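Everything on this sheet refers to the single structure shown next.
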Amino acid sequence: MNSSQTLGDISPFGTRVRLILVVLGIVFTWQGVVPARADDGPRIIKTRVQVKLWQNHSYWPPKATQEQYDTTSWLPDIRFRAIGPVPGGSQFSVDVTRPDGSLWVSLDCPTAEIGADRWVDVETPRDPPGGTKVFTTATGVYGFTIRLKNALTGQNESLVSGKFKVDKVDKSKGIPKFKNKFTYYVDHDWALPIGYIWSETTQASNVHLNVAMWFKGAAGPKAAYLFYQGKQVASTKESGSEISAIELSTFDNDTGDPRWERIDFQWYSANFTAPDATVHPSIFFLDKNPGDYEVKVLCGGALCRETKFSIGPDGKFVDNGIVAANKLNASAILIPVKVVGTHDGQWQPMAWKTDAFYGNPLRGFTAP
């Protein structure tokens with residue numbers, strides 16, 4: 001299940017706050033969470049923190065008495081997944097600081113009471129106290145802190161802190177009247193060398209292999225090929241799927257605008273053994289074939305991604321320990337991804353060193 005939403009789905013003047021509460025018990029897939037104990041405090045799945053931008057086509061300059069039109073302004077749209085327990089009286093809130101470190105705005109989020117075996121998706125509102133007067137036209141590096149407050153217990157706990165870089169694209173088309181029209185965006189180049197692997201059980205009781213990778217630029221046909229000992233054993237083009245799981249695009253999403261997208265690849269013919277799994281000569285069982293694997297992705301027919309992972313003698317993924325070492329609270333395994341070719345256009349190959357997970361670089365990780 002995926003509750004992400006693209007900015008292209010949002011009217012410039014509409015308000016949409018999505019809070020999705022899902023009761024799943026213990027789930028062992030990328031979309032699930034690490035099982036929590038009843039005495040655990042709430043945790044944030046750091047791989048599910050996303051920073052986007054709300055944008056308006058008007059702006060209130062500081063101390064102005066009149067709204068300024070034909071000027072684009074923005075407010076952060078921060079989304080995250082929290083693991084319970086979240087007790088009654090709790091309030092998720094996100095403090096956002098300006099580039100100079102001063103507090104800009106505190107955004108209270110819709111907060112549900114949930115148990116230790118549940119998770120909830122949370123999103124900051126577009127209409128904070130002060131409305132559009134809070135929006136800004138400034139760019140630069142902003143900070144944020146996700147907090148959990150509770151008036152009943154006096155709790156005010158910082159759960160995750162980070163920073164994000166905002167830049168803009170000129171949309172004036174050389175027309176003087178529109179000189180202040182821009183599309184603002186958050187830079188996510190750091191995500192391109194970072195991927196994830198996990199297994200997922202379908203309704204047919206088949207346990208499929210899944211790999212997620214990030215791409216920059218215009219969407220287009222992609223196909224992922226799985227190799228074992230140098231031999232191709234599965235292809236999403238022949239039997240599988242490529243799902244756009246998360247899109248971090250600009251507001252207008254025009255051709256050429258900055259755009260980052262996570263694609264989840266699943267192979268229907270690359271499975272792990274399950275009691276009721278479909279047995280067919282065309283299905284390759286990873287747990288029966290321990291060793292090294294490689295995934296290669298074609299973008300429009302050209303090689304654009306490569307990554308590797310291993311299956312141990314026990315038939316399970318060989319965990320590199322990066323998720324645990326960095327306390328990401330995710331159930332997927334994080335893997336390095338090699339960006340190949342020119343499909344992604346211009347990007348910053350070293351951004352992961354300083355900007356990964358919004359200024360929280362990974363220990364034990366090296367991009368290929």
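The values are calculated or read from the model by the stated rules, or taken from the named source; none is laboratory data. A quick note: this is a predicted structure, and the numbers were derived from the prediction, not measured. Here the Cβ is made from the backbone with ideal geometry for all residues, glycine too, and neighbour counts use every protein chain on show. Note: accessible area is taken over every heavy atom of the protein model, side chains too, but ligands, DNA and RNA are not part of it. Shrake-Rupley method; radii C 1.70, N 1.55, O 1.52, S 1.80 Å.
Assorted remarks:
- Of all residues in segment 93-137, those satisfying the criterion of being part of a loop (DSSP other than H, G, I, E, B), open to solvent by 50 Å² or more (accessible area, probe 1.4 Å) and among the charged types (D, E, K, R) are R98, D100, E113, D117, R118, D127.
- Neighbours by Cβ (under 6 Å, 6+ apart or cross-chain): first from segment 182-206, free of Cβ contacts under 8 Å to residues at least 24 places away in the same chain; second of a type in the set (S, T, Y) and assigned to a helix (DSSP H, G or I): none
- Residue check, S310 in contact with an Asp or Glu (Cβ under 8 Å, 6 or more places away or on another chain), of a type outside the set (A, V, I, L, M, F, W, C) and modelled with pLDDT under 90: no
- Conditions (1) farther than 26 Å from T307 by Cβ; (2) free of Cβ contacts under 8 Å to residues at least 12 places away in the same chain; number of the one not met by D170: (2)
- Test for P336: is it under 24 Å from I44 (Cα atoms) and open to solvent by 20 Å² or more (accessible area, probe 1.4 Å): yes
- Options P281, P313, P275: the member that is in contact (Cβ under 8 Å) with a residue 40 or more places away in the chain and over 30 Å from G341 (Cα atoms): P275
- Just so you know, in segment 206-231 the residues that are of a type in the set (A, V, I, L, M) and farther than 16 Å from C299 by Cα include one that is surrounded by the most Cβ atoms within 10 Å (Cβ to Cβ), and it is L209.
- Residues within segment 234-261 that are closer than 21 Å to F317 by Cβ, surrounded by 18 or more Cβ atoms within 10 Å (Cβ to Cβ) and of a type outside the set (G, A, S), tallied: 1
- Boolean, G341 is open to solvent by 30 Å² or more (accessible area, probe 1.4 Å), under 27 Å from Y185 (Cα atoms) and not basic (K, R): yes
- Look at (1) in contact with a Ser or Thr (Cβ under 6 Å, 6 or more places away or on another chain); (2) open to solvent by 60 Å² or more (accessible area, probe 1.4 Å); (3) charged (D, E, K, R) and you find that K181 fails only one, number (2).
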